[in-house]
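The next block holds one structure in the form of structure tokens; read it before the comments.
No value in this document is a laboratory result; all are computed from the given coordinates. Note that the coordinates shown come from a computational prediction; the quantities given were computed from them, not determined experimentally. Using ideal geometry, Cβ is built from the backbone for each residue, glycine included, and neighbour counts are taken over all protein chains shown.
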Amino acid sequence: MRRALPALLPAVLLAAVMATGGCRNTEKQEAGAGPRPAADQNQTPYYYGLIEEYQRVLAQDPHNLAAITALGNAFYDAGEWRQAIVYYERSLRLDPHNASVITDVGTCYRNLGFPERAIKEYERALKIQPSHQNALLNLGIVYGYDLKNHAKAIAYWEQLLHVAPKHPEAERLQASIAQFKKAMKKEAP
């Protein structure tokens, strides 16, 4: 779809998020608080307004795949990972082979602190679409930065660069691969 993981190492991760139109941070509305004011053009998008609109659409048409997926995306963009998963899973019940939605589910799990579950989702996406660029990118990020398995991160990023040599993050990925290889040499006995 359009996502990568939030930044742990700003150079690679922030750029990956920006290149894929990824996650935007917004304030979460507290329970009981009044309605949020509409955002102007210079502010962060008004995700809660989108959420309300998609919920109205689904009240009229509960099986509207586009609205279900868009609602998952709006919750994702608002940083509401658990709610995003609920709607993404609902979307996947209607379209179980959507590798982009599966990848987004993986990113939600990663953001909730479950990197192993994220990996399972990314690998599931790759079974459907072996060259899914965000799944490959995110597998490298989770393995490299969360699990410190540099060899696996390198393998996934090299696979991504093989599939998409002109990927928007190619230079940064090559730099990260070189950095990980250097770190692996230092760790070797």
Starting from the 7 Å offset along Cα-to-Cβ, what nm value, one decimal, do you get for the label separation of Glu187 and Ala175? 2.2 nm
Measure of size requested: the Rg and Dmax of the stretch 53-189, with Cα atoms as the atom set and Å as the unit; please supply both. 16.9, 64
